[in-house]
1. For segment 98-117, name all the residues that are farther than 15 Å from Thr43 by Cα, part of a loop (DSSP other than H, G, I, E, B) and open to solvent by 40 Å² or more (accessible area, probe 1.4 Å).
2. Evaluate the following for Ile73: is it in a helix (DSSP H, G or I), open to solvent by 40 Å² or more (accessible area, probe 1.4 Å), touching a strand residue (DSSP E or B) at 6+ places or on another chain (Cβ under 9 Å) and modelled with pLDDT of 95 or more?
3. If you go through segment 66-75 one residue at a time, how many are touching a helix residue (DSSP H, G or I) at 6+ places or on another chain (Cβ under 7 Å) and farther than 15 Å from Phe96 by Cβ?
4. Do the conditions hold for Lys30, that is, is it assigned to a loop (DSSP other than H, G, I, E, B), more than 9 Å from the chain's Cα centre (by Cα) and under 14 Å from Tyr116 (Cβ atoms)?
5. Kindly indicate whether Ser62 is buried (at least 16 other Cβ atoms within 10 Å of the Cβ) and either out of contact with any strand residue (DSSP E or B) (no Cβ under 7 Å at 6 or more places or on another chain) or without any contact (Cβ under 8 Å) to a residue 60 or more places away in the chain (or both).
6. What is the residue count in segment 76-97 for residues that are in contact with a helix residue (DSSP H, G or I) (Cβ under 9 Å, 6 or more places away or on another chain), in a loop (DSSP other than H, G, I, E, B) and either surrounded by fewer than 21 Cβ atoms within 10 Å (Cβ to Cβ) or among the basic types (Lys, Arg) (or both)?
Amino acid sequence: MAKAWICLSFLIILYLFSDKNFINVNAETKTWCVAKPSSDQATLLDNINFACSHVDCRVLSSGCPCYSPGNLINHASIAMNLYYQANGRNYWNCNFKNSGLIVITNPSYGNCYYEYT
């Protein structure tokens, strides 16, 4: 029991003195935020509504390169990444109620380029 308490105390202290960014990448590593494939449709729609109420999501409009394919997971991923890039690339800005995933591989496709700032 004492060992468990020591380990837990160490983790709490480590957390308190960290920068709260659990993704340890160097400053040169590019990161993007995408929706977890396991996310349900309601969560994806909530993520789009939340992100697009804070950032410009016109890139998702009909006729724009990121509109197609017109499904929730793609649109949510783009909106979530726009929010993540605009508000500081860290764990908390990609959490989206545990439905976001930070990736180091550029998710851009075709003429749809995921923003990186």
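The values are calculated or read from the model by the stated rules, or taken from the named source; none is laboratory data. Bear in mind that the values here come from a model prediction, so they are computed numbers and not experimental data. Heads up, the Cβs are rebuilt from the backbone with ideal geometry, glycines too, and the neighbour counts pull from every protein chain shown. Just the protein is used for accessible areas: all its heavy atoms, side chains included, with ligands, DNA and RNA removed. Shrake-Rupley method; radii C 1.70, N 1.55, O 1.52, S 1.80 Å.
1. Step one: of segment 98-117, the residues farther than 15 Å from Thr43 by Cα are 102-117.
Now narrow it down to the ones that are part of a loop (DSSP other than H, G, I, E, B): 104-108, 110-111, 113-117.
If the condition is that a residue be farther than 15 Å from Thr43 by Cα, part of a loop (DSSP other than H, G, I, E, B) and open to solvent by 40 Å² or more (accessible area, probe 1.4 Å), then Ile104, Thr105, Asn106, Gly110, Asn111, Tyr113, Glu115, Tyr116, Thr117 are the ones that fit.
2. On the way: in a helix (DSSP H, G or I): yes; open to solvent by 40 Å² or more (accessible area, probe 1.4 Å): yes; touching a strand residue (DSSP E or B) at 6+ places or on another chain (Cβ under 9 Å): yes; modelled with pLDDT of 95 or more: yes.
Yes.
3. First pass over segment 66-75, keeping only residues touching a helix residue (DSSP H, G or I) at 6+ places or on another chain (Cβ under 7 Å): 66-67, 72-73, 75.
Then drop every residue that is not farther than 15 Å from Phe96 by Cβ, which leaves 66-67.
The number of residues fulfilling the criteria is 2.
4. On the way: assigned to a loop (DSSP other than H, G, I, E, B): yes; more than 9 Å from the chain's Cα centre (by Cα): yes; under 14 Å from Tyr116 (Cβ atoms): yes.
Yes; evaluated as a whole, the condition is true for this residue.
5. Details: buried (at least 16 other Cβ atoms within 10 Å of the Cβ): no; either out of contact with any strand residue (DSSP E or B) (no Cβ under 7 Å at 6 or more places or on another chain) or without any contact (Cβ under 8 Å) to a residue 60 or more places away in the chain (or both): yes.
Taking the combined requirement at face value, the residue does not satisfy it.
6. Here the count works out to 3.
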